[in-house]
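Following: one structure in structure tokens, then a few remarks.
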Amino acid sequence: MSYNTQALLLDKNNKPIPQYYDPTSDSFKPLSNQIIAQITDGSLSTLGAKADVPVLDPSAPASTNQVLKAILAQLQGSGNGNAPVELTGSIIEDVVLQTEAVATGNGMPYTPTNANMTLNFEITGTSTSRTIIFEIAGASGVYQAHPGYKLGDITYTPATQTTGGSDTAPETWEVDIPVGWSFRARISSIAGGNISIAGKAVMQ
């Protein structure tokens with residue numbers, strides 16, 4: 001039998017009440033003020049009679065909590081179901097702006113496409129002197145100076161360029177980048193070695 005062959009439960013005014021279909025008894029049952037989680041995947045049949053459990057119950061016994069963990073595992077794709085839900089996406093992106101550059105240049109811009117991002121990047125390299133300009137461009141494509149904050153600077157003073165950063169004393173900076181805008185760390189001068197700039201962007 002199935003739910004569409006059974007009569008709904010009605011109140012005294014002959015109107016349907018909140019209810020759910022129980023396939024074991026082939027009938028509708030009243031729905032309490034707690035959310036009911038029903039495991040219908042046969043691959044979880046080993047959970048037996050614990051198939052129906054309250055999800056929002058802080059006093060739930062350990063056995064119930066184990067069932068809820070099994071439901072979560074199933075949704076995350078680590079259960080044994082035939083078609084688990086796969087949770088995808090990332091809020092952290094690896095970003096490379098310069099790679100062992102030995103000459104002045106724009107490097108590789110970073111453009112967030114899904115959300116506003118905060119980029120933390122490290123400046124390293126063997127160069128003995130350098131100047132790096134922080135710039136950002138919107139839809140116009142015109143790059144302009146963009147402030148960053150040097151991590152470890154107790155004054156937390158914004159700056160649009162730096163002359164530091166080496167393999168022995170790296171500099172770490174933080175900048176905010178709106179979605180759809182492009183940020184770059186342009187090398188305007190360099191001498192005596194190379195420069196690398198890389199980091200991670202985190203969704204705001």
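Things worth noting here:
- Sorting ILE132, ILE190 by the number of Cβ atoms found within 10 Å of their own Cβ, with the fewest placed first, yields ILE190, ILE132.
- For PHE134, neighbours were defined as the other residues whose beta-carbon sits under 13 Å from its Cβ, and their charges (Lys and Arg +1, Asp and Glu -1) total -1.
- Here segment 109-204 is assigned +1 on the Cβ of each Lys and Arg and -1 on the Cβ of each Asp and Glu. Its dipole about the Cα centre then comes out at about 180 debye.
- Order by protection proxy (mean Cβ within 10 Å, highest first), peptides 191-199, 20-28: 191-199, 20-28
Values in this text are rule-based calculations from the coordinates and carry no lab data. Note that this is a predicted model, so its numbers are computed, not measured. Glycine gets a Cβ as well: all are built from the backbone with ideal geometry, and neighbour counts include every protein chain shown.
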